[in-house]
Structures are given as structure tokens and as C-alpha cells.
1. Residues to consider are 102, 31; find the one that is in contact with a strand residue (DSSP E or B) (Cβ under 9 Å, 6 or more places away or on another chain) and surrounded by fewer than 16 Cβ atoms within 10 Å (Cβ to Cβ).
2. So which pairs qualify, if the first residue must be in region 169-198 and without any contact (Cβ under 8 Å) to a residue 40 or more places away in the chain, the second must be part of a helix (DSSP H, G or I) and hydroxyl-bearing (Ser, Thr, Tyr), the Cβ gap must be under 8 Å, and the two must be at least 6 apart or on different chains?
3. Restricting attention to region 139-151, which residues are open to solvent by less than 50 Å² (accessible area, probe 1.4 Å) and either outside any strand (DSSP E or B) or touching a helix residue (DSSP H, G or I) at 6+ places or on another chain (Cβ under 7 Å) (or both)?
4. Those residues that are under 19 Å from the mean Cα position of the chain (by Cα) and aliphatic (A, V, I, L, M), I need them from region 84-122; list them, please.
5. Contact list please: Cβ distance under 6 Å, first residue in region 32-54 and assigned to a loop (DSSP other than H, G, I, E, B), second residue of a type outside the set (Phe, Trp, Tyr) and modelled with pLDDT of 85 or more, pairs at least six apart or on different chains.
6. Look at region 62-82 and say how many of its residues are modelled with pLDDT of 95 or more, surrounded by fewer than 19 Cβ atoms within 10 Å (Cβ to Cβ) and either acidic (Asp, Glu) or closer than 19 Å to residue 244 by Cβ (or both).
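The values are calculated or read from the model by the stated rules, or taken from the named source; none is laboratory data. These figures come from a predicted structure and were not determined experimentally. Here the Cβ positions follow ideal geometry from the backbone for every residue, glycine too, while neighbour counts run over all protein chains shown. Ligands, DNA and RNA are stripped out before the accessible areas are found, and what is left, the full protein with its side chains, is counted by its heavy atoms. Shrake-Rupley method; radii C 1.70, N 1.55, O 1.52, S 1.80 Å.
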Amino acid sequence: MILELDCGNSFIKWRVIHLADATIVDGGIVDSDNALVTAVGVLAGSKLRACRMVSVRSEEETAALCALLSENFGVTTQVALPVQEMAGVQNGYADFQRLGMDRWLGALGGFHLAKGACLVLDFGTAAKADFVAANGEHLGGYICPGMPLMRSQLRTHTRRIRYDDASAERAMISLAPGRSTVEAVERGCVLMLQGFAKVQIQQAESLWGDQFTVFLTGGDAPLVKGAVPQARVVPDLVFVGLAMACPLS
């Protein structure tokens with residue numbers, strides 16, 4: 001079995017798969033390196049053969065996690081690195097090393113699955129959009145605050161906005177105009193994400209007509225799905241790209 005990791009700024013998404021057929025054994029989301037070691041150790045620590053990782057963390061933080069995994073599980077971690085071209089996709093940044101690895105792998109995975117032009121919409125801590133043309137050219141994209149950042153900023157900078165996570169969850173039973181602060185904030189943020197998605201699709205339509213595939217990924221993709229029914233939800237799209245960037249035999 002092999003361990004796959006998507007290390008974001010706030011959380012680590014992990015899964016363990018069988019190498020032979022890529023079937024998923026288990027997985028989850030944790031908020032620290034130690035929590036990752038504990039979760040993986042309970043499941044399959046002694047059975048791991050290798051690890052591959054995509055990380056948007058600093059080099060020092062990434063190296064520290066690789067060392068921790070080696071110490072606890074005896075595995076070498078292959079970390080995805082930026083490149084100018086891979087699997088028919090050309091990195092669209094002027095400085096290819098500056099494109100976030102999560103976005104790059106999402107573009108790789110989307111193009112691989114679409115077999116043509118695609119729009120990748122990733123809703124996590126940040127909301128991200130990336131456009132890949134039918135010839136594999138990455139045309140660039142957009143980044144704006146995602147649900148966690150919008151919520152955090154409103155709670156931090158607006159004195160009268162105070163509510164807990166349970167109240168936030170209850171507020172999401174509808175998108176009708178909010179009749180309390182928590183409803184107004186939570187529903188307003190969701191509508192902003194949905195508006196972001198709709199505008200990106202309009203951009204893609206202006207480029208390619210209807211000849212493209214829309215992918216939704218990231219933890220908050222379900223909040224957007226209803227507004228873009230034509231989109232294909234692929235929760236593990238980054239892992240599709242990771243397998244391409246870091247093949248293991």
C-alpha cells in the first residue's frame with residue numbers, strides 16, 4: 001500500500017491506496033503532522049511501501065514532514081515538483097515554479113480525465129480556477145478567498161459577528177435571505193462562491209463554446225454544485241495529477 005498526501009496551508013488530506021489497482025483503502029483530513037502519523041499508523045503504518053506528496057507548504061515544513069514519515073513508517077516520500085510541461089499540459093505561468101503545485105496537479109488531472117479543454121474549480125481555503133485549452137496549454141486562472149477565509153475575516157474584523165460552527169451548519173439549510181447574522185454571513189459567503197464559479201464558466205464558454213469539461217474539487221465543492229449542475233465533482237482530482245507526477249512501481 002502507498003500513502004498519498006495533499007498538504008495544504010490549513011489541513012492535510014491523506015489516503016492509502018493499493019498500488020496494483022489504485023483502490024482506496026481509507027483516508028481523511030487532519031490538522032497536524034502528528035495527527036497524520038497517528039491516523040495512518042492505526043490504519044496501515046506497517047504495510048506502507050512508499051509515499052507521494054503534493055505540498056504548498058514551505059520547503060522546511062515539507063522536509064520536516066518527510067522526515068517524520070520516514071522515522072515512523074520507514075518510507076521514502078516522493079514530492080511533486082514544478083515543471084514546464086507534463087503529460088501534454090504546458091504550465092501557463094511566466095515563471096512556471098510559481099504556480100501552486102495543487103493547481104498544477106489539478107490541471108494535469110483535469111486534462112487527463114477530460115481528454116480536452118477543461119475548467120478546474122477548486123474550493124478549499126482559497127477558491128481557485130484554472131483553464132486548460134484543448135491543446136494542453138494552461139491559460140492561467142484566478143484565486144480568491146474561499147469559505148474558511150471569508151468566514152474568518154468577517155468574524156475577526158466585525159465585532160458583532162460571533163457564532164459557533166454548529167450555528168453555521170444549521171444556517172446552511174437554505175440560501176434564503178438570512179434572518180440572523182449567522183445566516184446572513186454563511187449564506188452570503190456561499191453565494192459569493194457560487195457567483196465565482198458561474199463567472200468562470202462564462203469565461204470558459206467565451207473561449208471554447210460548449211466544448212469543455214468543468215471539474216469541481218475541494219472540500220467546499222458541494223456548496224457550489226447546485227449552482228453549476230454541468231460540473232463533474234471529483235473530490236480527489238489533485239491525487240489524479242499526483243499519480244501522474246510521481247509514478248510509483
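1. That would be 31, the only listed residue that is in contact with a strand residue (DSSP E or B) (Cβ under 9 Å, 6 or more places away or on another chain) and surrounded by fewer than 16 Cβ atoms within 10 Å (Cβ to Cβ).
2. Between residues of region 169-198 that are without any contact (Cβ under 8 Å) to a residue 40 or more places away in the chain and residues that are part of a helix (DSSP H, G or I) and hydroxyl-bearing (Ser, Thr, Tyr), the close pairs are 182/167.
3. 141, 144, 146, 147, 150
4. Passing the criteria: 89, 99, 101, 105, 107, 108, 113, 114, 119, 120, 121.
5. Listed by first residue and then by second, the contacts come to 48/1; 48/3; 48/75; 49/2.
6. Here the count works out to 1.
Yes/no per residue for (1) among the charged types (D, E, K, R); (2) part of a helix (DSSP H, G or I); (3) surrounded by 16 or more Cβ atoms within 10 Å (Cβ to Cβ):
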{"site": "177", "(1), (2), (3)": "no, no, no"}
{"site": "183", "(1), (2), (3)": "yes, yes, yes"}
{"site": "189", "(1), (2), (3)": "no, yes, yes"}
{"site": "197", "(1), (2), (3)": "no, yes, yes"}
{"site": "201", "(1), (2), (3)": "no, yes, yes"}
{"site": "205", "(1), (2), (3)": "yes, yes, no"}
{"site": "215", "(1), (2), (3)": "no, no, yes"}
{"site": "219", "(1), (2), (3)": "no, no, yes"}
